[in-house]
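Asks: I'd like to ask some things about the structure below.
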Amino acid sequence: MDYTMYYIIAGVIFIFALGVRIVRPTERGLIERLGKYKKFAGPGFHWIIPFIDKMFMVNITEQMVDAEAQEIITNDNLNASVDAQVYFRVIADEESVKNSQYNVNRYKWQIVNLARTTLRNIIGTLTLRSANSERGKINAELHKTLMEETKTWGIDVIRTELKQIDPPSDVQETMNKVVKAENEKIAAIDYATARETVADGEKRARIKEAEGSRQAKILFAEGEAMAIKMVNEAAEEYFVGNAQVLRKLEAVEKAMENNTKFIVPQGSDLVNVVSEMAGIVPLKK
């Protein structure tokens, strides 16, 4: 009798242990009884009737699926290898969690195929060059389409990212050559522009230098003219009628600077001028 009680207690504990379920904060649970939805299980401890109830765990954290690389023919008839990633999560409320299990079969697989189909539709209307330059636009259209198609799945598509849009190797090599040629062209134009700027600067500098030299010569000539004018005015004031004698006197002055000896006739005007300036009266025979 005592052993029977132990067996019963042990059986109850075993059955209780079989029904224990722990839901983590990153998950939500759906409890079904005999194939029919029973209740929603949030984080924490739960107990279900073994063999009658079943709990299905649903991950509500952000997840990522890879759309896998595929060959897509672009609008300019080139094959491009295209791959993308989709980031999503199951919304944590009861209705959304139920929709992710009851409204769609294997939602991850469905998202992958939907993304692949959408990429073919979008990139098929673009050239290879525009597809590479408009990645943001492609991501936005892909995200919008996925959001619309999965709105009854209880899923929130967070973002989409294109991993690659790669042309065939021979096309890629040609494109690299074109880009290199364009870069070299830009560099040559920049170099020519810089040389032109330097040449303009040197030209302006030479013009400024020539203008300065010209101005200096003009000022020097004006100074010479002013000096000549002053000399003429002085000559007219102090040597009225004797301008020719003044020129002779200047010649004598320059000659005396070099200790030059010369003979001047006694009766010349120049002797009289020199004598008067020195206070000497020439002797008479």
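The values are calculated or read from the model by the stated rules, or taken from the named source; none is laboratory data. Quick caveat: nothing in here was measured; it's all calculated off a predicted structure. Don't worry about glycine lacking a Cβ; one is built from the backbone with ideal geometry, like all the others, and counts go over all protein chains shown.
Asks: Which members of segment 69-102 meet the condition of being in contact with a strand residue (DSSP E or B) (Cβ under 7 Å, 6 or more places away or on another chain), farther than 12 Å from residue 163 by Cβ and among the polar types (S, T, N, Q)?
Replies: Residues satisfying the conditions are 74, 79, 96, 100, 101.
Asks: Would you please name the residue that is modelled with the lowest pLDDT, looking only at residues in segment 151-176 that are among the charged types (D, E, K, R) and either surrounded by 10 or more Cβ atoms within 10 Å (Cβ to Cβ) or closer than 26 Å to residue 63 by Cβ (or both)?
Replies: Applying the filter and picking the extreme gives 173.
Asks: Same structure again: Looking at segment 15-22, is at least one residue under 28 Å from residue 109 (Cα atoms), outside any loop (DSSP other than H, G, I, E, B) and not assigned by TED's automatic domain parsing to the domain that holds residue 139?
Replies: Within segment 15-22, one or more residues are under 28 Å from residue 109 (Cα atoms), outside any loop (DSSP other than H, G, I, E, B) and not assigned by TED's automatic domain parsing to the domain that holds residue 139.
Asks: Within segment 112-133, can you find the residues that are crowded, with 17+ Cβ neighbours inside 10 Å and part of a loop (DSSP other than H, G, I, E, B)?
Replies: 126
Asks: Now for a separate question. Does segment 75-111 hold any residues that are surrounded by fewer than 19 Cβ atoms within 10 Å (Cβ to Cβ), out of contact with any Asp or Glu (no Cβ under 7 Å at 6 or more places or on another chain) and closer than 22 Å to residue 132 by Cα, and which are they?
Replies: Residues satisfying the conditions are 75, 76, 77, 78.
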